[in-house]
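Enquirer: Got a structure for you, written out below as structure tokens; questions coming shortly.
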Amino acid sequence: MSSIVSIESLSGLVAFSVAVETGSFAAAGRKLGLSASAVGKAVERLEARLGLRLLNRTTRSLAVTGEGDILYRYVARILKELQDAEQELHLVQKAPRGRIKVSVPTVLGRKIIMPALLDFRIRFPDVMTEISLDDVKVDIINGGYDVVLRLGELDDSTLRARRIGPHTFITCASPKYLAHRGTPQTPSDLHNHCCVFYRFPTTGRPEVWAFKNSLQPTPIKPSVVLNDGEALASAALGGLGIIQAPSYLVSEDIAAGRLQAVLADYTDERGSVSLVWPPMSARAPKVRAFIDFMAERVSQKLY
């Protein structure tokens with residue numbers, strides 16, 4: 001028996017199923033917009049490929065054979081699932097629903113995206129969000145991501161992007177550390193301090209602190225290097241030394257007095273915070289909803 005895979009075979013299966021449901025080739029033809037003879041020939045070709053008799057014909061009616069009954073049960077279920085899929089696709093195009101795959105940097109994801117996710121779920125309950133917290137730069141296309149949140153300067157590409165705000169940083173330390181070691185007045189003073197740096201997972205290299213309104217000092221030698229963004233705040237809170245961290249990571253600790261900002265007039269931005277997505281992705285309502293919602297929430301925290 002040959003496999004049923006061709007377009008012609010599929011048309012024969014549809015003709016056969018509708019003929020069974022309507023009871024005649026003529027009625028099936030009216031439902032499908034075909035002539036009765038076209039429906040009959042499609043069923044005959046299907047029977048010839050299968051080598052089976054599916055329908056017994058009389059001048060007045062059709063009778064399903066035992067083999068035809070087996071085939072009809074499978075075909076009816078498949079066609080019903082195809083109809084359900086088509087209806088769901090129409091709904092997806094009208095309202096935000098379905099699965100969306102997102103990648104966000106670890107610290108920003110935990111500090112901003114995750115707290116906002118409940119409100120997003122309340123507003124869009126039919127969207128299933130799969131979020132990866134990852135500091136490695138993911139491949140958006142090959143990874144199958146609908147939206148990615150990226151930090152810093154964006155590479156030129158065919159991807160679409162929406163800048164949410166500046167990627168601002170704060171140089172800070174605990175009041176206890178500053179009371180013991182003194183407060184730096186210019187970036188050059190950092191050479192006399194314990195500086196805790198973050199190591200980028202993509203390059204394996206320590207970050208370069210960014211300063212403005214002054215001559216760039218000679219590269220600062222880190223005293224401690226960590227590969228976890230949130231560990232920077234823990235190190236500073238513990239009095240280990242001075243850190244330069246994203247504002248969303250340390251702003252609450254600074255407001256509470258647990259950390260103290262230094263070199264505020266010198267600390268510079270490091271590019272932008274942006275949402276990035278494939279060109280066709282944002283046509284889906286679920287993706288547009290996520291982009292608009294998270295752009296608003298993240299920008300509130302950045303500013």
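The values are calculated or read from the model by the stated rules, or taken from the named source; none is laboratory data. Treat the numbers as computed from the prediction; the structure is a model and nothing was measured. Cβ placement follows ideal geometry from the backbone for every residue including glycine, while neighbour counts extend to all protein chains displayed.
Enquirer: Take residue 125 and decide whether it is surrounded by 14 or more Cβ atoms within 10 Å (Cβ to Cβ), within 17 Å of the chain's Cα centre (by Cα) and part of a loop (DSSP other than H, G, I, E, B).
Expert: no
Enquirer: Specify which of the listed residues (42, 48, 76) is under 19 Å from residue 11 (Cβ atoms) and over 47 Å from the mean Cα position of the chain (by Cα).
Expert: On inspection, the qualifying residue turns out to be 48.
Enquirer: Continuing with the same structure: Taking only pairs six or more apart or across chains, which ones have beta-carbon atoms under 7 Å, a first residue in the range 148-171 that is of a type in the set (Lys, Arg), and a second residue that is part of a loop (DSSP other than H, G, I, E, B)?
Expert: Partner pairs satisfying both residue conditions: 160/279.
Enquirer: Cβ contacts < 7 Å: first residue more than 12 Å from residue 219 (Cβ to Cβ) and small (Gly, Ala, Ser), restricted to the range 185-196; second residue modelled with pLDDT of 90 or more and outside any helix (DSSP H, G or I), any location; separation 6+ or different chain. Result?
Expert: Matching pairs, first to second residue: none at all.
Yes or no, residue by residue, for (1) in contact with a His (Cβ under 6 Å, 6 or more places away or on another chain); (2) in the same structural domain as residue 74 (by TED's automatic domain parsing); (3) of a type in the set (A, V, I, L, M, F, W, C); (4) not in a helix (DSSP H, G or I):
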{"position": "18", "(1), (2), (3), (4)": "no, yes, yes, no"}
{"position": "21", "(1), (2), (3), (4)": "no, yes, no, no"}
{"position": "27", "(1), (2), (3), (4)": "no, yes, yes, no"}
{"position": "39", "(1), (2), (3), (4)": "no, yes, yes, no"}
{"position": "44", "(1), (2), (3), (4)": "no, yes, no, no"}
{"position": "49", "(1), (2), (3), (4)": "no, yes, no, no"}
{"position": "59", "(1), (2), (3), (4)": "no, yes, no, yes"}
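Enquirer: Out of everything in the range 185-210 that is of a type outside the set (D, E, K, R) and part of a strand (DSSP E or B), what residue ends up being surrounded by the fewest Cβ atoms within 10 Å (Cβ to Cβ)?
Expert: Going through the qualifying residues, I end up with 206.
Enquirer: Oh, and also: Sort out for me the strands (runs of 3 or more DSSP E) sitting completely within the range 233-287 that have 1 or more residues that are out of contact with any helix residue (DSSP H, G or I) (no Cβ under 9 Å at 6 or more places or on another chain).
Expert: The strands (runs of 3 or more DSSP E) meeting that bar are 272-277.
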